[in-house]
Amino acid sequence: MKEKFYALLGIIGPLVAYISIGISILRSPWFSWERSALSDLGHSVKSSVAPIFNLGLSLAGFLIMLYIFTTFRKYAKYTASGFVISSFFLQLIATFDEVYGFLHGAVSVLFFISLGITSLLYAYEKKSVFAVIVFIISFSSWILYGLEIYSAGIAVPETISSVAVMLLLVYSPIKIYFRK
């Protein structure tokens, strides 16, 4: 029973992140998929939705960590380490918002790198083709953005790569929650 409760945190954590991002976007008519970064929503001086955005990311990172420490690490030890690091960087993105300049940029880059590494860890540890596909989607979104194959703001590869890896994360608590 306890494991099912903690498994829910592995679903609720990512939902909190994406709900807070969605609310922030809806309440920010200036946000543009063509020109913005998601972190623009969390800029504590320039964005009126910064508390919603940053609290959502912080809370999501915390809930994901709880799930990893209580349940997920029993199933995938190495991947669990990757997700803990990624969720910590997610919290740091909220803590050191764009006001912090280089520091914010550094923790953001480390967050996205850690997501890629975590998907590779999962692919290796669980022999998961799905995790390989997640990595390819995530990595490709950044390569295509960097090569300017499409015209969009950095929010696009941020969203594609984070959603892909979060699907990988959410897969395990769903399996745990619904098994008999």
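None of the figures in this text is laboratory data; all of them are computed from the coordinates on show. Source: prediction; values computed, not measured. Here Cβ is always computed from backbone atoms with ideal geometry, including for glycine, and neighbour counts include all displayed protein chains.
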Of the conditions (1) buried (at least 19 other Cβ atoms within 10 Å of the Cβ); (2) without any contact (Cβ under 8 Å) to a residue 24 or more places away in the chain; (3) under 14 Å from the mean Cα position of the chain (by Cα), Tyr145 clears all except one; give me its number.
(3)
Out of all the residues in the range 36-51, which are surrounded by fewer than 21 Cβ atoms within 10 Å (Cβ to Cβ) and either closer than 23 Å to Leu9 by Cα or charged (D, E, K, R) (or both)?
Lys46, Pro51
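Looking at the range 30-42, can you tell me whether even one residue there is among the acidic types (Asp, Glu) and within 29 Å of Phe178 (Cβ to Cβ)?
First, the residues of the range 30-42 that are among the acidic types (Asp, Glu): 34, 40.
Those left that are additionally within 29 Å of Phe178 (Cβ to Cβ): none.
The answer is no, given that none of the residues of the range 30-42 is among the acidic types (Asp, Glu) and within 29 Å of Phe178 (Cβ to Cβ).
Scanning the range 52-77 for residues that are polar (S, T, N, Q) and touching a residue at least 60 places away in the same chain (Cβ under 8 Å), which turns out surrounded by the fewest Cβ atoms within 10 Å (Cβ to Cβ)? Before the answer, list the steps.
Of the residues in the range 52-77, the ones polar (S, T, N, Q) are 54, 58, 70-71.
Add one more test, that the residue is touching a residue at least 60 places away in the same chain (Cβ under 8 Å), and what stays is 70-71.
Details: Thr70: 16, Thr71: 23.
In this case the residue turns out to be Thr70.
From the list Ala80, Ala94, which one is buried (at least 18 other Cβ atoms within 10 Å of the Cβ) and either without any contact (Cβ under 8 Å) to a residue 24 or more places away in the chain or closer than 22 Å to Glu125 by Cβ (or both)?
Details: Ala94 fails: either without any contact (Cβ under 8 Å) to a residue 24 or more places away in the chain or closer than 22 Å to Glu125 by Cβ (or both).
Selected residue: Ala80, the only one of Ala80, Ala94 that is buried (at least 18 other Cβ atoms within 10 Å of the Cβ) and either without any contact (Cβ under 8 Å) to a residue 24 or more places away in the chain or closer than 22 Å to Glu125 by Cβ (or both).
Looking only at the range 62-72, how many residues end up being assigned to a helix (DSSP H, G or I) and either hydroxyl-bearing (Ser, Thr, Tyr) or within 20 Å of Val134 (Cα to Cα) (or both)?
At the first step, the residues of the range 62-72 found to be assigned to a helix (DSSP H, G or I) are 62-70, 72.
Filter once more, keeping what is either hydroxyl-bearing (Ser, Thr, Tyr) or within 20 Å of Val134 (Cα to Cα) (or both): 64, 67-68, 70, 72.
Result for the range 62-72: 5.
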